[in-house]
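The values are calculated or read from the model by the stated rules, or taken from the named source; none is laboratory data. Bear in mind that the values here come from a model prediction, so they are computed numbers and not experimental data. Cβ placement follows ideal geometry from the backbone for every residue including glycine, while neighbour counts extend to all protein chains displayed.
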Amino acid sequence: MSCDFAVREALAERYVLGKLNEAEAERFEEHFFECDRCFEEVQTIRAVREALREMPLAVPARPASRWPIRTLSWAAVLLLGIGGGVSILWLSQESSRPAADAGAQRSAALRLADLAAIQPPPFTPARLRGAGQRGRDRFREAMALYGGGHFQAAIPGLIAASDADPADAGSRFFLGICFLMVNQSDRASEALRQTVALGDSPYLEEAHFYLGKALLRLNQIDGAREELRRAVGMHGDLEAPARALLGELQKIAPAGGR
Amino acid sequence: MELLPVIIGLFRGGPAQPPAARDDLLLVEAIRRGEPDAEAEFAERFRDRVLNVALRRLKDPEAARDVAQETILAALLSLRDGRLNHPERLSAFVFGTARNLINNYVRSSVRRNERALTEDMPAQTDPFGTDFENRTLLRSALATLPPHDQQILRLTLVDQLNPGEIARLLGLRPDVVRARKTRALKRIKRKITSIVTKRRASATQDIRGGA
């Protein structure tokens, strides 16, 4: 077995996750007995996995100075002379965790991803308003595609419609939804923010709600919480789902916690 | 610079740079001559490798530790006695020794399991002493990753999702997920190396300042 093969097949990761069959695992073990590089990869992945299991969900944009590492005295650490290294961390962690949850527990990240899942909101043509004729045509064409579930195909028309009438909240809102549906969360959040920025419109509550979803996907939890609170505050159809999402979010990543 | 030797050297208060590993032939020869450094090098090189194999097979950290220790001792005794005919096959020899001892353990495990059913499990203790600093080191390295990259690592290593599944959840392409995962692991290694280097420099300064 070569290192290139091991890297190409992600053997270290699959070994740590127990995804190799007995013969594959044994062949890889024979290899890493001789290969420092692959063994280092195994130990790094193990250590990172255990650290992630212990760490709370990351909340972005925290300044580096908030981390406890800055407060440690490195010299004191060195003088401790504790045996082992990162390589042994995983073992003591394995030993202190009940076997039942090993590898089976869903992480906060996965539960968060579940919360961020969406169903596309239905489009009611009567809501169309304000756009010029050209913009309206592009919007209608795009929304026909949207109604058929062709979200990627609907995007160019919605961009054209919102360019033709920058004050039209509908085209920007559904553009945001289409971006969500094709997993372009960055662009979705941008379009939904623009919808919110347009102020009062039939789409404002939904824009807050789905912007919250987009921010969840981007792991911007504080921002997502804020948008969901705004959706709740509008006391519309989405008040209850937004409240429920906030409740679930609180369980996964408590507000005010790290 | 290799990451783990650096970390191990650091936590053991070892030399500024990890010593270069000896060639298998030289290592076996040195053990036969009874050089303690050679035995320590041997144990350090193979201990965690054997632990990996034992833990995978036995699923029991305590038993894995015992078998790993037994393996290192058994292999060392053989080497001291010059019973390894092909020193260039040192790794294969240790792997084979580990496999035999693990198999022995598995064969005799029925009695152990019977006993385990009737006895309370003893409290687990950390045989390596505190690992708080190791954890802090890793966490600090992980904390420097962009949240999205942390999320990808979590979904991969904790939730065991494949890149396609993660891509769907996060709105990324699978190749992007793979690339970000690889990049994230590399960044962690670099970050740890950087932290370790700073620690070492700081400690050296403190020692010089105190001298």
| Can you name the number of the only condition in (1) at pLDDT 90 or above; (2) more than 9 Å from every other protein chain (Cβ to nearest Cβ); (3) touching a Ser or Thr at 6+ places or on another chain (Cβ under 8 Å) that B:L73 fails? | (3)
| remark: The residue that is nearest to B:E39 (Cα to Cα), considering only those in region B:82-99 that are basic (K, R) and assigned to a helix (DSSP H, G or I), is B:R89
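Residues are listed down the side, and each one gets a yes or a no for (1) buried (at least 24 other Cβ atoms within 10 Å of the Cβ); (2) over 20 Å from the mean Cα position of the chain (by Cα); (3) small (G, A, S):
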{"position": "A:A154", "(1), (2), (3)": "yes, yes, yes"}
{"position": "A:I159", "(1), (2), (3)": "no, yes, no"}
{"position": "A:D165", "(1), (2), (3)": "no, yes, no"}
{"position": "A:S171", "(1), (2), (3)": "yes, yes, yes"}
{"position": "A:C178", "(1), (2), (3)": "yes, no, no"}
{"position": "A:N183", "(1), (2), (3)": "no, no, no"}
{"position": "A:E190", "(1), (2), (3)": "no, no, no"}
{"position": "A:G199", "(1), (2), (3)": "no, yes, yes"}
| request: Please verify whether region A:28-35 includes one or more residues that are among the hydrophobic types (A, V, I, L, M, F, W, C), surrounded by 22 or more Cβ atoms within 10 Å (Cβ to Cβ), more than 7 Å from every other protein chain (Cβ to nearest Cβ) and part of a helix (DSSP H, G or I). | output: yes
| task | Scan region A:218-228 and give yes if some residue there is more than 17 Å from A:I118 (Cα to Cα) and either among the charged types (D, E, K, R) or not in a helix (DSSP H, G or I) (or both), otherwise no. | result | yes
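Results for (1) touching a residue at least 12 places away in the same chain (Cβ under 8 Å); (2) more than 10 Å from chain A (Cβ to nearest Cβ); (3) touching a Leu at 6+ places or on another chain (Cβ under 7 Å), shown as yes or no for each residue.
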site: B:Q160; (1), (2), (3): no, no, yes
site: B:A167; (1), (2), (3): no, no, no
site: B:G171; (1), (2), (3): no, no, no
site: B:V176; (1), (2), (3): no, yes, no
site: B:R180; (1), (2), (3): yes, yes, no
site: B:A184; (1), (2), (3): yes, no, yes
site: B:R187; (1), (2), (3): yes, yes, yes
site: B:R190; (1), (2), (3): no, yes, no
site: B:T193; (1), (2), (3): yes, yes, yes
| query | Any idea which residue in region B:138-149 is surrounded by the most Cβ atoms within 10 Å (Cβ to Cβ), counting only those that are more than 7 Å from chain A (Cβ to nearest Cβ) and assigned to a helix (DSSP H, G or I)? | reply | B:A141
| task | Can you tell me which residue among A:A25, A:A47, A:A51 is under 18 Å from B:S91 (Cα atoms), facing chain B (nearest Cβ under 8 Å) and in a helix (DSSP H, G or I)? | result | A:A25
